[in-house]
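Reviewing the structure listed below.
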Amino acid sequence: MKILSVNAGSSSLKFQLYEMPEEQVLISGVFERIGIDNSFYTIKLNGEKIKKEADLPDHKKAFEILVNELIDNKVIASCDEVKAIGHRTVQGGEKYDHTVVIDEDVINDMIKYSPLAPLHNPAAITGIKAAQEVFKGALQTAVFDTAFHATMDEVNYMYPVPYEWYTKYGVRKYGMHGTSHRFVSMRINQILGREDTKVITCHIGNGASISAVVNGKCIDTSMGLTPNAGVMMGSRCGDIDCSIVPYIMEQTGMTTKEIDNELNKKSGLLGISGVSSDSRDIEDGIKTGNEKCILAQDMYVRRIINYIAMYYVEMGGADAIVFTAGVGENSISTRKQIVDGLAALGIKLDDEANNCRGKENLISSEDSSVKCYVIPTDEELMIARDTYELTK
Ligand code: ADP
């Protein structure tokens with residue numbers, strides 16, 4: 001059965017078509033600059049990457065081009081062969097703790113939760129509506145990024161603010177990257193060969209979040225009401241003293257939009273280093289002795305270590321720590337700094353094993369008190385799996 005996994009942004013559309021249940025990727029790609037000029041798309045098929053320019057006024061046009069490409073490349077004979085489409089969706093509020101088949105109520109709920117994810121939910125709805133128009137017979141599902149974190153208890157998800165902020169405005173911790181945390185925590189349990197595990201999953205990419213997962217269920221996570229909480233990130237500040245916000249607004253006359261922009265797009269590694277939000281550039285800066293890059297990296301690592309240590313205590317120990325996403329899968333030096341910083345817990349790195357990028361590997365030494373793994377994440381596959389389950 002052919003299942004399409006879709007991630008729609010406001011001007012982009014990423015896709016991956018699977019043969020399920022074999023979990024074989026048939027074709028993948030991305031449409032970019034939708035609704036803007038100079039739009040184009042790239043397709044990966046049979047190990048080859050093709051880039052084409054195309055007029056992409058909206059997401060519907062992107063899906064229509066996708067159908068033509070699938071037919072021209074003989075991946076499908078007709079549109080009906082795509083039986084289901086899974087949509088990556090960010091905010092499912094308190095209601096959605098699992099993937100669901102999309103109907104009018106789900107769309108209305110996504111609209112209701114849009115103020116909590118103003119960049120993501122409206123884009124996902126655009127993608128869903130366009131897919132419904134083009135793939136008329138296909139089952140459509142919403143895979144919520146927040147769903148995996150729905151198992152947190154109120155001690156962890158509540159903020160110590162007036163209670164009615166929660167009841168009136170939905171102010172609580174929802175967490176993000178749930179599909180990725182779920183994927184790697186399922187995989188680590190397979191590797192460990194049991195379900196009764198205590199695992200800390202570190203999704204460290206451009207955005208970053210850490211989760212505490214007990215017996216496959218999330219009990220705590222570092223992101224909050226929004227993705228700008230928890231650890232320091234590429235360009236987001238993560239946890240800071242919240243009174244900095246009114247203080248800087250008063251000092252500078254910035255509007256809420258402007259300060260939100262500074263905290264999301266001009267902070268983190270970028271804000272401190274002044275060089276870049278990309279770990280690779282920070283690593284290059286460190287090699288040339290750039291002191292701001294050294295400071296940015298040390299701050300970045302310290303915050304990740306603190307979260308891991310906090311969750312270690314919260315769970316009463318840990319069986320494994322998993323590193324995933326762009327930095328977690330690829331940055332040998334960041335992983336080394338993090339694991340070395342956990343020495344007080346008896347956690348030890350195997351430097352040779354850690355010398356790897358983008359592949360599953362045990363990177364802790366034999367005498368480490370906690371096993372540390374690199375596990376590449378695969379959110380698209382998780383979406384396809386969930387969607388396949390719902391076709392049954
Ligand atoms: P996103 O959060 O946007 O999905 P990714 O998970 O793809 O991001 O992570 C992207 C980040 O991964 C880059 O910004 C960069 O910091 C980091 N990264 C990618 N490759 C490497 C590498 N070889 N070494 C260090 N960092 C890397």
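Restricted to segment 44-66, and to residues there that are surrounded by 11 or more Cβ atoms within 10 Å (Cβ to Cβ) and acidic (Asp, Glu), the residue that is farthest from Ile27 (Cα to Cα) is Asp58.
Within segment 16-33, the set of residues being in contact with a strand residue (DSSP E or B) (Cβ under 8 Å, 6 or more places away or on another chain) and open to solvent by 10 Å² or more (accessible area, probe 1.4 Å) comprises Gln16, Glu19, Gln24, Val25, Leu26, Ser28, Gly29, Val30, Glu32, Arg33.
So for segment 344-364 (the condition being buried (at least 22 other Cβ atoms within 10 Å of the Cβ), in a loop (DSSP other than H, G, I, E, B) and touching a Leu at 6+ places or on another chain (Cβ under 7 Å)), does at least one residue qualify? Checking segment 344-364: at least one residue is buried (at least 22 other Cβ atoms within 10 Å of the Cβ), in a loop (DSSP other than H, G, I, E, B) and touching a Leu at 6+ places or on another chain (Cβ under 7 Å). Taking the numbered list (1) among the acidic types (Asp, Glu); (2) farther than 22 Å from Leu119 by Cβ; (3) free of Cβ contacts under 8 Å to residues at least 60 places away in the same chain; (4) surrounded by 23 or more Cβ atoms within 10 Å (Cβ to Cβ) in turn, Asp145 passes all entries but (2). When you go through Ser211, Ser185 one by one, which is the residue that is within 16 Å of the ligand (Cβ to nearest atom), open to solvent by less than 10 Å² (accessible area, probe 1.4 Å) and of a type outside the set (A, V, I, L, M, F, W, C)? Going through Ser211, Ser185 in turn, the sole match is Ser211.
Any residue that is more than 15 Å from the ligand (Cβ to nearest atom), in contact with a helix residue (DSSP H, G or I) (Cβ under 6 Å, 6 or more places away or on another chain) and without any contact (Cβ under 8 Å) to a residue 12 or more places away in the chain - is there at least one of those in segment 315-336? No, segment 315-336 contains no residue that is more than 15 Å from the ligand (Cβ to nearest atom), in contact with a helix residue (DSSP H, G or I) (Cβ under 6 Å, 6 or more places away or on another chain) and without any contact (Cβ under 8 Å) to a residue 12 or more places away in the chain. Among the residues of segment 273-282, those identified as buried (at least 20 other Cβ atoms within 10 Å of the Cβ) and more than 10 Å from Met233 (Cβ to Cβ) are Ser273, Ser279, Ile282. No other residue among Cys293, Cys237 is within 16 Å of the ligand (Cβ to nearest atom), more than 24 Å from the chain's Cα centre (by Cα) and open to solvent by less than 40 Å² (accessible area, probe 1.4 Å) apart from Cys293. Within segment 299-314, track down each residue that is out of contact with any Leu (no Cβ under 8 Å at 6 or more places or on another chain), more than 16 Å from the ligand (Cβ to nearest atom) and either open to solvent by 10 Å² or more (accessible area, probe 1.4 Å) or farther than 29 Å from Met152 by Cα (or both). Hits for segment 299-314 are Arg302, Asn306, Tyr307, Met310, Val313, Glu314. Here Glu69, Glu81, Glu104 are screened, and the one residue that is acidic (Asp, Glu), touching a Leu at 6+ places or on another chain (Cβ under 9 Å) and open to solvent by 20 Å² or more (accessible area, probe 1.4 Å) is Glu81. Looking across segment 214-234, the residues that are open to solvent by 10 Å² or more (accessible area, probe 1.4 Å) and of a type in the set (Val, Ile, Thr) come down to Val214, Ile219, Thr226. Are any of the residues in segment 375-383 touching a residue at least 60 places away in the same chain (Cβ under 8 Å), open to solvent by 30 Å² or more (accessible area, probe 1.4 Å) and away from the ligand (no atom under 16 Å from the Cβ)? There is no residue in segment 375-383 that is touching a residue at least 60 places away in the same chain (Cβ under 8 Å), open to solvent by 30 Å² or more (accessible area, probe 1.4 Å) and away from the ligand (no atom under 16 Å from the Cβ). Residue check: Cys242 meets all listed conditions (1) without any contact (Cβ under 8 Å) to a residue 12 or more places away in the chain; (2) farther than 22 Å from Ile338 by Cβ; (3) in a helix (DSSP H, G or I); (4) of a type outside the set (A, V, I, L, M) but one, namely (3).
The values are calculated or read from the model by the stated rules, or taken from the named source; none is laboratory data. As the structure is a prediction and not an experimental result, all values here were calculated from the model. Quick reminder, even Gly has a Cβ in these numbers, built from the backbone with ideal geometry, and neighbours come from all protein chains shown. Only protein heavy atoms, including side chains, enter the accessible area calculation; ligands, DNA and RNA are left aside. Shrake-Rupley method; radii C 1.70, N 1.55, O 1.52, S 1.80 Å.
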